[in-house]
Amino acid sequence: MAAAKGPVAVGSAIPSSIAPEEPKVVAPEEENGEMADIQDKEVSMEGLCSIGAYDQWTPLSVSGQLPKPRYKHGAAVVQQKMYVFGGNHNGRYLGDIQVLDFKTFSWSKLEAKSQAGPSESAGEVPFSACAGHSVIQWGNKILCLAGHTREPAESLSVKEFDPQTCTWSTLRTYGRSPSSRGGQSVTLVGETLVVFGGEGHGRSLLNDLHILDLESMTWDEFETTGTPPSPRSEHAAACFAERYLLIFGGGSHSTCFSDLHLLDTQTMEWSRPKQQGVTPEPRAGHAGVTIGEYWFITGGGNSRKGVSVTLVLNMSTYEWSVLTDLEAHAPPTSEGSSLVMYTINGENFLVSFGGYSGRYSNQAYALKASLKPSVPSQQIDEAESNGFAPLSVAENSSRKVIFEIEELKDVKSLRLKQELADVENRNAELTEELHLVRDKLSIEQTRASQLENEVSEIQQRLQKMDILEKEFESLRSELDSTVSEEAASSGNQLHRSRSRGFWRWNG
């Protein structure tokens, strides 16, 4: 895969020298009889900076018309605003765009325009109501891929939303596009999008892998080695070190998973890292976001219950830990919620919205993360807007060199750990194979012992038959002898009888 020009994480703020246009906002109106209640909230209108405690989910106090409750929607952050696209409410697909401004902490609804693409007629709106789609920030624009719709297409298309002009367009791609699907994962790896799995037509579960080069807009389907994850949907995926794709959890039609898979996008080899720390519960419909080497996982559920804990995976050591726990039906524990990351004043905030946990939610929650990445990401916070002077060129250059050295160390360490994990996995496979061989040998030994017992029984029966045969021959001889004697005696008596008779009549 092509080397990355620089990481662009989902949910980060991207600096721009040009201030974006304010999109057209639909005036607030009553929807489901819900208006924002800004009283008795834990967070004031000062916004995220007013959150003092670390690693605790806090409901956000917002103004404006609350969006319709939903789940399986998509969300991304561009220039201090969180954009929410579509979703599902009571089985109905939604096609609206809702925006939460992190400066004013107010909701608004956008009225998007459409720009005719190469295969579209003027006035055609490329974004239709959908759920289970993937939303990816790409520079100052947002890409939307796949998803379930009322009238599914044969192949997957790539839509682009420009927040500056509030315009949708369909991007022309080349190569063989993946089949349409929902519940897939789409991960930004360098300057490529990696699409994995999902649920296709006829509820068929998929585990295929497709890669879109964002420079040439060309689709490729790579051959991989190793054992890929089983077919699934509603899983989570993340990128580490601009090279490794991680897949966690998800579900089939009958079960949920808690497995972790890793794909090296340079060698295209799948492997199963050895997980450490706490053991994650099986789940599907969870959300994830990365900060440096840390992967935060929230929400989801399985056939028994929803998952209430927020987990963190250190992607360099594959060690799981619990960040915080919540009540069972709190919105950040919901299935199908969205999770983005926003950085301000050097602090990283996770922002969760919506989801389903027995009822549909339209609440936003935030968590200030205490974990700081050892390799700082390329995300830029709002320092200038808050009166902080930027670093000098020399300081930036020095930091860049230090970061590159640290990143090389981390990559080398990750390679060694991965090689060790591969050796351990191979050892485990060989041990398991040895156990299987031993089990088979034990079974064969048991069968051999049973055969020996059967042969012994047959031999005893044969011996008994020989004895019986000899006894039978002896009895037969005695019988033949007795019959002969009786026959001889009978012959003599007959002769005497005949003699007496003859003389009696002729004497």
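Determine, for each peptide in 190-202, 283-295, 441-453, the mean count of other beta carbons within 10 angstrom over its residues, then list the peptides with the highest first.
On the way: 190-202: 20.4, 283-295: 23.6, 441-453: 10.0.
Top to bottom by mean Cβ count within 10 Å: 283-295, 190-202, 441-453.
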Inter-site label distance for Asn140 and Glu319 at 7 Å from Cα along Cβ, in nm = 4.2 nm
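Test of understanding: what is the full-extension gain from Arg176 to Gln276, defined as 0.36 nm times their sequence separation minus their Cα-Cα distance?
Values: separation 100, 0.36 × 100 = 36.00 nm, distance 3.89 nm.
Answer, rounded to one decimal: 32.1 nm.
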Inter-label distance, nm, simple model (7 Å from Cα along the C-beta direction), Arg438/Phe472 | 5.2 nm
Under the classification rounded if a/c is under 1.5, otherwise prolate if a/b is larger than b/c and oblate if not, where does the range 246-352 fall, given a ≥ b ≥ c as square roots of the Cα gyration tensor eigenvalues?
-> oblate
Backbone HN-Hα couplings from phi across the range 310-322 [Karplus 6.51/-1.76/1.60, Hz, Gly and Pro as x] | 9, 9, 10, 10, 7, 6, 8, 10, 6, 9, 8, 8, 8
Would you please put 272-280, 205-213 in order of how densely packed they are, using the mean number of other Cβ atoms within 10 angstrom per residue and starting with the highest?
-> 205-213, 272-280
Would you mind getting me the FRET efficiency between Lys464 and His253? Use the beta-carbon distance for r and R0 = 51 Å, nearest 0.05.
-> 0.25
Could you list which residues have their amide H under 5 Å from that of Ser128, counting only those 5 or more apart in sequence or on another chain, with H placed in the peptide plane?
-> none
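Taking the Cβ of Pro228 as the centre, find all other residues whose Cβ is under 14 Å away and add up their charges (Lys, Arg: +1; Asp, Glu: -1). Don't jump to the answer; show the numbers that get you there.
Values: positive: Arg232, Arg272; negative: Asp208, Glu221, Glu223, Asp259, Asp264, Glu269.
Here the count lands on -4.
Could you work out the local net charge near Asp439, counting Lys and Arg as +1, Asp and Glu as -1, over the other residues with Cβ closer than 11 Å to its Cβ?
Details: positive: Arg438, Lys440; negative: Glu432, Glu433, Glu444.
Here the charged neighbours net out to -1.
About the Cα centre of the range 183-282, how large is the charge dipole given +1 on each Lys and Arg Cβ and -1 on each Asp and Glu Cβ? Please answer in debye to the nearest 20.
On the way: 5 positive and 14 negative charges, 94 e Å.
Computed about the Cα centre, the dipole is about 460 debye.
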Net length gained if the chain between Arg92 and Thr224 were fully extended (0.36 nm per residue, minus Cα distance) | 43.8 nm
Scalar couplings 3J(HN,Hα) for the range 78-93 by Karplus 6.51 cos²θ - 1.76 cosθ + 1.60 (θ = phi - 60°), nearest whole Hz, x for Gly and Pro, are 9, 6, 6, 9, 9, 9, 10, 10, x, x, 9, 9, 6, x, 10, 6
By per-residue mean of other Cβ atoms within 10 Å, what is the highest-first order of 94-106, 221-233?
-> 94-106, 221-233
Given R₀ = 30 Å, FRET efficiency for Thr165-Cys49 by Cβ-Cβ distance, to 0.05?
-> 0.50
Please report the relative contact order for the range 69-223, taking Cα pairs under 8 Å with a sequence separation of at least 6, and give it as a percent rounded to a whole number.
-> 16 percent
Distant-in-sequence amide H partners of Thr324 (H built 1.01 Å from N, under 5 Å) = Thr310
Summing +1 for each Lys or Arg and -1 for each Asp or Glu, what net charge is found among the other residues whose Cβ lies under 12 Å from the Cβ of Asn427?
-> -3
For the range 184-194, take each phi angle, set θ = phi - 60°, evaluate the Karplus expression 6.51 cos²θ - 1.76 cosθ + 1.60, and give the result in whole Hz per residue in order, putting x for glycine and proline.
-> 7, 10, 10, 10, 7, 10, x, 10, 10, 10, 10
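Laboratory data are not the source of any read-out in this text; all were calculated from the coordinates shown. If you're wondering where the values come from, they're calculated on a predicted model, not measured in any experiment. Note that each Cβ is placed from the backbone with ideal geometry, even for glycine, and that neighbours are counted across all protein chains shown.
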